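Just below is one structure, and these are the notes that go with it.
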Amino acid sequence: MLESAQVVPRSAGSTTSPARGARTDIQALRAIAVAAVVAYHLWPGRLPGGFVGVDVFFVISGFLITSHLLRRPPRHGRDLRDFWARRVRRLLPASFLVLLVTAAATFVVAPSTMWASTLREIGASALYVENWSLAASSVDYLGAEAAASPVQHYWSLSVEEQFYLLWPLVLVAVGWWTARRGGNLVRRASVAVGAIVLLSFGWSVVATALQPSSAYFVTPTRIWELGVGALLATLSIRLAPRWRTPLAWLGIAMILAAVLTYSGALPFPGYTAALPVVGCALVIAAECDRTRWSPRRIGDVRPVQWLGDVSYSVYLWHWPLVVLVPFALGHHPGLLERVAVLACALGLAAVTKPLVEDRFRRGRAGSGRAIAIALSASVLIGGAAIGGALLLQARVDANIAQAAQAAHGPCVGAAAMAPGADCDVAGDGDLLLDPVEAADDKPSAYADGCWESLPFDGTSTCRYGDPDAATKVALIGNSHAGNLLPPLQDLAEKNDWSITTYVASRCPTSDVRWQLGTARDSEGCHDWGQRVLDKVRDGSFDLVVTSQLTPYAAAGTTSADNDAVVAQGYSRYLDDLAATGTPTLVVRDMPYPKHTIPSVPDCLAAASSPTGCDGKRSAWLAPDPLYDAAESLDQPAVSTLDLTGFTCTKDVCPAVIGDVVVYFDASHLTATFSRTLAPYLEPAVVSALGSP
């Protein structure tokens, strides 16, 4: 993201030529890129495609790094060491400073529920694997639902550092081949780089179509963008003067078109990234002069050049401010406060550039020592952050285990809402688990990997209880069916049952196709539901228990007919379940705080009173079309149960009930609270089983 804009033009017949001055047009491109990213994060509605600024940075980095490597091709280990030393001197000091300051600020202003996760991501960022960490979280339903961390913007820096580590080795291999076979290094490099670009671009298109969440972050889907810049550096492009200005304006127009028209809903990167990538390449290739109509008349002005010069520090500082300032303020920033965040980011960058970036870049430490210091700092910061997260997690796990034993006491959890209970609904204020612990108090299906996830091409299951038990229960649905696993596990242990899960993240089981991210996901979800039906037919189950959230519209419907189509799809699916000969118990879905609160534990960690995080019943308790379909069916084998009386009063759905935090995020019940529902779930299950 930051590399000297000194470049070296080359001819096809030589590997090097005399250096020319700094490319002010590249500095202007940096200014455009960082302005787009920062504006997108501060005002996403105004510049919905500002995230493509990162793609502009990638092209610039690929071009400049490859230009420098071809000017001084690495031939020995010493050359590689010197190259990597220049990179760590230039990039890592400011990066590590921001990580350390962000860690301290997180403990001061952010809710305690964010501490462990932020430490984990600081560790991944210090080791420059944050993009892979976010890719893993993006395919995890709960990870995708988690609040943004103040260092997640390090994903792009991780991609670049991985590029800086591996790219010189590619050119070393090309140089070795050239030495053995003869020929021109630059020409052979252009062939190798072109092949890498094509392979990575193809991978990016396919991965973005199949798994868009993780494809956004992983290195193989992004290398082609840096490779386009690298390819440009290997080619001898000498445009006639009359074409330079038009091509430069065309490239800028392509970048701005992406900034103004793209949005987070667009599959990315894939082929859609080609617009800003090619646009940036055109501007670099044009290398236009400062003529009357040239964009350099704007790009060369001092404020634009200054912003390009400090763009790396601006990028580093802006995102922690965007994430942490709302916690410090206690509310979402208004216009003036966002302007203040912008000013603060620029001010910090103005100080960091001369005092940290430039100072360390000009340091006198030898290459070997610089690399050793950088590696030591990376391991120290990363190890300390990850170690701290593990210590926090160990404490949380121990307290959750203790809470499981105390969940069946009088007036604890759902018992405080039981008819006739003489209990304070919220409890006495001595929480069984604090908000940090509650945020990690999840049903065992999450740790056990029981979920089927996008694109739903498998049928993952878990079995709990005695596998040889005479009574077998299947739990079916999306993540909200997981709310019922802890009480079913307790009942299975008590009554000698076995529980088999068929649960999928974001996929309601129904006979309709849902409007998911891609057509493949929609079809995969539908097919998964059909496979689950087959498992029920073949599984000799004594009971199916199902519950789920319905957050999507049916594919191909309008708002006028969607409700009817959804209801019919659920009715058909319940009829199919009944046709298997297995009784089905439909449990009404639980409240959904996400309508008003991003995270219940985060809210509780920041609130002065638990009641400050309560929600109105009318806002949190949405209609449940699966439950309504079951109620309207004339099917003796299908029964229903509504447990929402244990989660909501007539008017309010509390965040804390009987000293137990009810939700571990903004959507799912904590395992501890869910477990307290067992006594009220048991009669319906026993009745549906036909037991005496």
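The values are calculated or read from the model by the stated rules, or taken from the named source; none is laboratory data. Only a predicted model underlies this, so the values are computations on that prediction, with no experimental measurement involved. Note: ideal-geometry Cβ built from the backbone for every residue, glycine included; neighbour counts use all protein chains shown. Just so you know, the surface numbers come from the protein's heavy atoms only, side chains and all, with ligands and any DNA or RNA stripped out. Shrake-Rupley method; radii C 1.70, N 1.55, O 1.52, S 1.80 Å.
Divide, for region 511-560, the radius of gyration over alpha carbons by 2.2 N^0.38 Å, where N is the residue count.
1.36
Need one word for region 229-376: rounded, prolate or oblate. Basis is the Cα gyration tensor (sqrt eigenvalues a ≥ b ≥ c); a/c below 1.5 gives rounded, then a/b vs b/c decides.
Note, shape of region 229-376 comes out oblate.
Name the long-range amide H neighbours of Val544: under 5 Å, sequence gap of 5 or more, or other chain; modelled H, no Pro or chain starts.
Ala474, Thr584, Leu585
How long are the semi-axes of the equivalent ellipsoid of region 240-296, defined as square roots of 5 times the Cα gyration tensor eigenvalues? Whole Å, largest first.
They are 26, 11, 6 Å, listed from largest to smallest.
Dipole of region 299-419, Cα-centred, from +1 at each Lys and Arg C-beta and -1 at each Asp and Glu C-beta, to the nearest 20 debye?
It works out to roughly 440 debye.
Would you mind calculating the relative contact order of the chain from Cα pairs under 8 angstrom and at least 6 residues apart, reporting the percent as a whole number?
Once normalised by length, the contact order is 15 percent.
Test of understanding: express the Cα radius of gyration of region 385-498 as a ratio to 2.2 N^0.38 Å, with N the residue count.
Compactness ratio reported: 1.28.
List the pair-distance distribution P(r) of region 60-101, using every Cα-Cα distance, as the percent of pairs falling in each 10 Å bin from 0 up to the bin containing the longest distance, rounded to whole percents.
Reading upward from the zero bin: 25, 44, 24, 7.
From the C-alpha coordinates alone, can you work out the Kirkwood hydrodynamic radius of region 208-264, in Å?
Evaluated on region 208-264, it is 14.1 Å.
Excluding residues on the same chain fewer than 8 positions from Lys494, give the aspartates and glutamates whose Cα lies under 12 Å from its Cα.
Here the aspartates and glutamates satisfying the reach criterion relative to Lys494 are Asp466, Glu682.
Which entry is the computed Cα extents along the principal axes in Å for this structure: (i) 88, 87, 53; (ii) 82, 54, 42; (iii) 92, 48, 48?
Given (i) 88, 87, 53; (ii) 82, 54, 42; (iii) 92, 48, 48, the calculated one carries the label (iii).
Using only DSSP helix segments of four residues or longer, with each worth -39500 (n - 2.57), what per-residue ellipticity at 222 nm results for the chain after dividing by its residue count and rounding to 500?
-18000 deg cm²/dmol
Mean separation of Cα pairs under 8 Å and 6+ residues apart, divided by the residue count of region 627-692: what relative contact order is that in percent?
20 percent.
Give me the Kirkwood hydrodynamic radius of region 109-254 in Å, from all C-alpha pairs, to one decimal place?
Here the Kirkwood hydrodynamic radius works out to 17.9 Å.
Give me the one-decimal nm value for the distance between modelled label points at Ala421 and Leu355, 7 Å along each residue's Cα-to-Cβ direction.
Between Ala421 and Leu355, the simple spin-label model gives 5.5 nm.
As a test question: what accessible area, to the nearest 10 Å², does Ser190 have when a 1.4 Å probe is rolled over all protein chains in place?
Accessible surface of Ser190 is approximately 20 Å².
Starting from the Cα of Lys650, draw a straight line to each of the lysines and keep only those under 25 Å, dropping any in the same chain fewer than 8 residues away.
Lys594, Lys616
Whole number in Å², please: accessible area per residue of region 504-644, 1.4 Å probe, ligands, DNA and RNA not counted.
Per-residue value: 42 Å².
Considering only the chain, what is the antiparallel percent among its DSSP beta bridges, to the nearest 5?
Within the chain, antiparallel bridges account for around 35 percent of the total.
Mind checking which aspartates and glutamates have their Cα closer than 13 Å to the Cα of Lys535? Skip sequence neighbours fewer than 8 apart in that chain.
By straight Cα distance, Lys535 reaches Asp527, Asp576.
Give me the accessible area of Met590, 1.4 Å probe, in Å² rounded to the nearest 10.
Counting only protein heavy atoms, the figure is 10 Å².
Once the dipole of the chain is set up with Lys and Arg at +1 and Asp and Glu at -1 on Cβ about the Cα centre, which of Val37, Asn483, Thr66 lies farthest towards its positive end?
Value computed over the given set: Thr66.
Ordered by residue, what ³J(HN,Hα) values in Hz, to whole numbers, does region 440-453 give under the Karplus form 6.51 cos²θ - 1.76 cosθ + 1.60, where θ = phi - 60° and Gly and Pro are x?
Per residue, the Karplus-derived 3J(HN,Hα) values read 10, 8, 10, x, 5, 4, 6, 5, 7, x, 7, 7, 8, 10 Hz.
Rounded to whole Å and sorted largest first, what semi-axes of the equivalent ellipsoid does the C-alpha gyration tensor of region 86-186 yield via the square root of 5 times each eigenvalue?
37, 17, 7
Below 8 Å between Cα atoms, with a sequence gap of 6+, how large is the relative contact order for region 317-423 in percent?
Reported as a whole number, the value is 14 percent.
What's the carbon and sulfur percent of the chain's accessible surface, probe 1.4 angstrom, rounded to a whole number?
It is 59 percent, rounded to a whole number.
Accessible area per residue of region 248-363 at 1.4 Å probe, in Å²?
So region 248-363 comes to 49 Å² accessible per residue, rounded to a whole number.
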